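Colleague: If you scroll down you'll find the structure; I have some questions about it.
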Amino acid sequence: MLEIHKKSLKELYKNFSRYFSLMIGEIIALASIGAIIIAFTFMLNRAGILDDSNTSVYELLMRIITIVILIPIAYGIVASYIKIMNEKIGMFKFINIAIDNLGKSWKITLNILLKLIPWYIVLLIGIFIVMFATGLENLGKYFNLIDMSSNTNIIAIIIFKVAGLIVILVSLINLMSKILDYIFSYYIAYYSDKNTSAKEILKNSMEVMSKNKIKYIVTNALYWIFKIMLVFVGGVLFNFNDNIIMQLVLILIYSIVVGLINIYGRILYIQFFKNIEI
């Protein structure tokens, strides 16, 4: 597992300029999308088209459009990282790849969502059970509508809460397991034939991860620990420094470090797949 980290670091060092260029291209592209949405929203506001009656609908529509745009871009970025390991590409190449694979990326993502929806529903049921039990408890504590001196009522509320928490835990474990099952779908799609269906790509990803799930979690544990520590350190630095210039410098340095960590995470993702037994 450490060997995969060594290979990832070696790859980052070898093609650093390529990865950094791609990261800049990604930032510019995402910032441009955000700027277009903001400008469009501003124009609608100035024209008096947006008001309190339709703002929520407009925000929902913008979120859906953003997700629809970001799905193929995510595929394009994965494909670009794979290509960079073998050839030099332009910083905006991922956009061309995204456009060429709109249908493929959407089909894969929709199929993954369909696989996850049942467990999301179970999660919502678990949350509802816990909220229902908490509601009954509050009715007894604050409104005296339920006799909280009764052991039967207390035991019933506890049973509801425990049952709800168990449902939530089971659904979260299964959601995480399903997400890991399909985590290499884009990678497999890149190397698959154009006629390969989304269902077949998901099936291949699930077969690969069936015997490599624990290995993937352990391999990525170091990356995620470092990323969490980075968030904590960043928060501490910003909170204990009141100098505006120093804060701007820290934001710049922090952004670059976070960008490099994200690049490393993507290289690690690809190196893991290249080094596992299929």
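Colleague: Rounded to whole Hz and in sequence order, give me ³J(HN,Hα) for the stretch 198-207 from the Karplus expression 6.51 cos²θ - 1.76 cosθ + 1.60, θ = phi - 60°, writing x for Gly and Pro.
Modeller: 4, 5, 5, 5, 5, 5, 5, 5, 5, 5
Colleague: Right, next: Relative to the present Cα-Cα distance, how much length would full extension add between Ile67 and Phe40 at 0.36 nm per residue of separation?
Modeller: 8.0 nm
Colleague: Please compare each pair in Lys7/Lys199; Lys83/Lys203; Lys107/Lys274; Lys107/Lys178; Lys93/Lys215; Lys7/Lys88 to a cut-off of 21 Å on the Cα-Cα distance and tell me which ones are over it.
Modeller: In this structure, Lys7/Lys199; Lys83/Lys203; Lys107/Lys274; Lys93/Lys215 lie more than 21 Å apart at Cα.
Colleague: Compute the acute angle (0 to 90°) between the alpha-carbon long axis of helix 151-181 and the principal axis of greatest extent of the alpha-carbon atoms of the chain; round to the nearest 10°.
Modeller: On a 0 to 90 degree scale, this one is about 10.
Colleague: Place a label point 7 angstrom from the Cα of Asn96 along the Cα-to-Cβ direction, then list the residues of the stretch 5-46 whose backbone nitrogen is under 15 Å away.
Modeller: 22
Colleague: Still on this structure: Show me, for the stretch 269-274, the HN-Hα J-couplings you get by feeding each phi into the Karplus relation (A = 6.51, B = -1.76, C = 1.60, θ = phi - 60°), rounded to Hz, glycine and proline as x.
Modeller: 4, 6, 5, 4, 5, 6
Colleague: Next up: At 7 Å along Cα-to-Cβ for each site, give me the label-to-label distance between Lys227 and Leu124 in nm.
Modeller: Taking the simple label geometry, Lys227 and Leu124 are separated by 2.7 nm.
Colleague: Suppose R0 equals 30 Å. What FRET efficiency, 1/(1 + (r/R0)^6) with r the Cβ-Cβ distance, do Ser210 and Asn86 give to the nearest 0.05?
Modeller: It comes out at approximately 0.60.
Colleague: Considering only C-alpha atoms, what is the centroid distance from the stretch 73-88 to the stretch 156-176, in Å?
Modeller: 40
Colleague: Counting other beta carbons within 10 Å of each Cβ, put Ser197, Ser171, Ser80, Ser8 in order, fewest first.
Modeller: Ordered from fewest to most neighbouring Cβ atoms within 10 Å, Ser197, Ser171, Ser80, Ser8 come out as Ser197, Ser171, Ser8, Ser80.
Colleague: Under a 10 Å cutoff between Cα atoms, tell me which one of Ala79, Ala98, Ala39 has the largest fluctuation in the Gaussian network model of the chain.
Modeller: In this elastic network of the chain, the residue with the biggest mean-square fluctuation among Ala79, Ala98, Ala39 is Ala39.
Colleague: Against the longest alpha carbon principal axis of the chain, how many degrees, from 0 to 90 and to the nearest 10, is the axis of helix 213-239 turned?
Modeller: 80
Colleague: Exposure proxy check: Leu136, Leu145, Leu202 ranked by fewest other beta carbons within 10 Å?
Modeller: Placing the least packed residue first, the sequence is Leu145, Leu136, Leu202.
Colleague: Moving on to the next point. Put +1 on the Cβ of every Lys and Arg and -1 on every Asp and Glu Cβ in the stretch 1-115; which of Tyr19, Ile71, Ala35 then has its Cα farthest towards the positive end of the dipole?
Modeller: Going by the charge dipole, the pick is Tyr19.
Colleague: May I pose another question? Quick one: length gained pulling Ile28 to Ile166 fully straight, 0.36 nm per residue minus the C-alpha distance?
Modeller: Result for the pair: 45.3 nm of gain on full extension.
Colleague: Set Lys and Arg Cβ to +1 and Asp and Glu Cβ to -1, take the dipole of the chain about its Cα centre, and tell me which of Tyr186, Thr196, Ile225 lies farthest positive.
Modeller: Thr196
Quick note: the coordinates plus some simple rules give every number you see, no bench work behind them. Predicted model only: the values in this text are computed from it and were never measured. For neighbour counting, all protein chains shown are included, and Cβ atoms are generated from backbone atoms with ideal geometry for every residue, glycine included.
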